[in-house]
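Taking it in order: structure first as structure tokens, then the write-up.
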Amino acid sequence: MENIKGNTQEKNEQRVNRLLMLPILFMIGLVPLVVRLKELVLDGLLEETFSQSVMNDFYSQYKATVIIALVIGMIILLFLCYNKTWLKKDTKIKIYLISSSLLILMTGLATLLSPYKQVALWGAPDRAEGMIMFLCYMTMMWYSIYSFNDPKLYKLIVRSASFVTIVMTFIGFTQYIGRDVLISDLGLKLIVPESLKEIRETITVSFEKARITGTLYNPNYVGSFAVVLIPLFAVVIPQEKRLFKKVFLGVMIVCNLFLLLGSGSRAGMVGLGVSLLVVILLLAKKILKKLKRLSQNKKLAVGIVATILIVVTTTLFITKDIALGKLKSLVSEGVALLTPVSKDYDYKDNLPIRDMRVQEGKLTLVTQEHELNLEVQKEGIVFTTETGEKVDYYLVDDMYLTEDSRFSPIKFSLFYRTDTPNVVGAIGVIENEKARFLYHLGGEAGFTLVHPYDQRAIEIVDAESIGFRGKELLGSSRGYIWSRTLPLLKETWLIGKGPDTYAMVFPQNDYWGKYYALSDIYTVVDKPHNLYLQIAVNQGIIALLSFLVMVLVYIVDSFKLYGLKKHYGVDELIGLGMLLSVIGYLAAGIFNDSSVSVAPLFWVLLGIGIASNYRVAKKRD
């Protein structure tokens, strides 16, 4: 009778555990795939910052809505199924609790004191990572810590990860061959609401052919996605006895390698490289023992090496248009980063137009060797050099052109006033066929630099920079973005500017810097392309230190538990997989920021990793 009761209780516990896993499974298998158009109306500071009154958001708003719904589901399930036996208590759990609480506190203060409260609370357009979303991240981490109570549940996680991998690979493959299923007739019907169907005809591919973005918005996020999932599958292979399942898991790894290489994400490649290095260090004893055995069985050794070479070579060959170029650039930029720069280096020495000034009714453009003055006179605009020499510009279809080799790359387009069509109201500066600056004519100054979106007067500022002098273009201009971000930390050492408010505090009027590093001076820098700078600016340096304490304690604990062990059971392999996923994400985070597309995977797997460490430590005690 007691055995029957015990079996019944055990089955009930298994049902509850499976029920508790549902939000986690949806977070892994569903959230990354959510794509749906949400039309956002911007006004005030948001409209001014992003130079749009309406923004079409495909990848963030609905993902955020699903995440919030799943987190509410987590809270309800915890309330209904709460069990004291789930509570985990030890020194490290206390550290995680204190560090995450401080992180939440500093995020809350940054939101409360932010001059951009609405953005800080709900997130910026096309991002949606405000305080509400950050609280969701914290909730899903702690929910995962307390709900992952049985290593058998890991199979459900693998199934969910397999589903999202298969769907993402299919979509990624269509993008790779230039036939993106998302912008097919069927795809557009699925991702664009019927109420906005007129937009369907205007949607085009955001990135070049053979560059995979999946449903994650940006190729860099695809890199982080793949790096997180590869270890998740890899650690299951030693546990599986059936060949079919081993092969299937191998296929899932290859699919994610295809996504990584097809995305061309160098951040993801770095993340994978760091993960591989860590696993080699941790499993050094096991690897050496396996190598000794393989040396005694040459046929098996040749077969394994040949299989690895075939898989890697085939994947690289398929994705060679993107992957090989990115790998080469990763090496070349690494060398460039270590190459010393002249003390006299000035990035403006590389600009066709290095300065502009308005003085005494004249607009002066300073090139590397000459100056070109523009002055409005009765006969029209007169062009002269710094010596007063007249430069022959002639008017063709409202465009001033010259054959003078000193200034031929510079053209000027005329814009007429709407109230008096025959009167020129503005002149655009075009350099090498790209519109650079726009000036209103008239007023006391004669020329007024304005923004082309709303014609508001703007001022060029030489933003303060720290580091990366001469390295601004490295990492797709991350050197420039980081150099202009670091000075912001002087103001956020205690409290940040508010979650997701980075676009509002970055010096967007650093037009010369943008001219050099980003080509388009009106590009809105809305993220730092660095997870740690993102936290430091938005939530504050204390918040960043809290985050670092949390992840470093987890990593050190994991190294102690899994490093150089003779035997790895199921719990150890799961814990090892979570460690590698977390480390891969954090390494990629040096070049990538947080996003609603991938961050939920990180926080859920971090929670599962902490839970696994707790189980392994208790088992050994």
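The values are calculated or read from the model by the stated rules, or taken from the named source; none is laboratory data. Quick caveat: nothing in here was measured; it's all calculated off a predicted structure. Cβ sites come from the backbone with ideal geometry, for glycine too, and all protein chains shown count toward neighbours. With ligands, DNA and RNA removed, areas are computed over all heavy atoms of the protein, side chains included. Shrake-Rupley method; radii C 1.70, N 1.55, O 1.52, S 1.80 Å.
Taking the listed residues 171, 98, 166, 104, the one that is modelled with pLDDT of 95 or more, β-branched (Val, Ile, Thr) and under 18 Å from residue 595 (Cβ atoms) is 171, with no other qualifying. Taken as a whole, the structure places residue 158 among residues that are closer than 22 Å to residue 256 by Cβ and modelled with pLDDT of 90 or more. Contact annotation: residue pairs with Cβ atoms under 7 Å, 6 or more positions apart or on different chains, pairing a residue in the stretch 35-61 that is open to solvent by less than 30 Å² (accessible area, probe 1.4 Å) with a partner that is among the small types (Gly, Ala, Ser), are 42/53; 49/503; 60/128.
Going residue by residue through the stretch 331-341, is there one that turns out to be open to solvent by 90 Å² or more (accessible area, probe 1.4 Å) and in contact (Cβ under 8 Å) with a residue 12 or more places away in the chain? There is at least one residue in the stretch 331-341 that is open to solvent by 90 Å² or more (accessible area, probe 1.4 Å) and in contact (Cβ under 8 Å) with a residue 12 or more places away in the chain. In the stretch 420-433, the qualifying residues are those that are assigned to a loop (DSSP other than H, G, I, E, B) and within 45 Å of the chain's Cα centre (by Cα), and the one that is nearest to residue 409 (Cα to Cα) is 432.
Take the conditions (1) part of a helix (DSSP H, G or I); (2) of a type in the set (D, E, K, R); (3) open to solvent by 30 Å² or more (accessible area, probe 1.4 Å); residue 459 misses just one of them, which is (1).
Go through the residues of the stretch 442-449 one by one and say whether even a single one is among the charged types (D, E, K, R) and in contact with a strand residue (DSSP E or B) (Cβ under 8 Å, 6 or more places away or on another chain). Taking every residue of the stretch 442-449 in turn, none turns out to be among the charged types (D, E, K, R) and in contact with a strand residue (DSSP E or B) (Cβ under 8 Å, 6 or more places away or on another chain).
The requirement of being closer than 30 Å to residue 592 by Cβ and surrounded by fewer than 20 Cβ atoms within 10 Å (Cβ to Cβ) is satisfied by residue 494.
Would you be able to say whether some residue in the stretch 117-125 is open to solvent by less than 10 Å² (accessible area, probe 1.4 Å), more than 30 Å from residue 52 (Cβ to Cβ) and within 20 Å of the chain's Cα centre (by Cα)? Among the residues of the stretch 117-125, not one is open to solvent by less than 10 Å² (accessible area, probe 1.4 Å), more than 30 Å from residue 52 (Cβ to Cβ) and within 20 Å of the chain's Cα centre (by Cα), which makes the answer no. Residues of the stretch 517-535 that are closer than 14 Å to residue 435 by Cα and assigned to a helix (DSSP H, G or I): none at all. The residues listed here are 193, 151; of these, the one that is of a type outside the set (Gly, Ala, Ser) and either open to solvent by 40 Å² or more (accessible area, probe 1.4 Å) or more than 30 Å from residue 262 (Cα to Cα) (or both) is 151. Does the stretch 427-440 contain any residue that is touching a His at 6+ places or on another chain (Cβ under 9 Å) and either of a type outside the set (Phe, Trp, Tyr) or without any contact (Cβ under 8 Å) to a residue 12 or more places away in the chain (or both)? So far as the stretch 427-440 goes, yes, one or more of its residues are touching a His at 6+ places or on another chain (Cβ under 9 Å) and either of a type outside the set (Phe, Trp, Tyr) or without any contact (Cβ under 8 Å) to a residue 12 or more places away in the chain (or both). Are any of the residues in the stretch 439-459 of a type in the set (A, V, I, L, M) and under 14 Å from residue 514 (Cα atoms)? Looking for residues that are of a type in the set (A, V, I, L, M) and under 14 Å from residue 514 (Cα atoms), one finds none in the stretch 439-459, hence no. Can you pull out the residues in the stretch 583-621 that are touching a Gly at 6+ places or on another chain (Cβ under 7 Å), hydrophobic (A, V, I, L, M, F, W, C), in a helix (DSSP H, G or I) and touching a residue at least 60 places away in the same chain (Cβ under 8 Å)? If the condition is that a residue be touching a Gly at 6+ places or on another chain (Cβ under 7 Å), hydrophobic (A, V, I, L, M, F, W, C), in a helix (DSSP H, G or I) and touching a residue at least 60 places away in the same chain (Cβ under 8 Å), then 587, 588 are the ones that fit.
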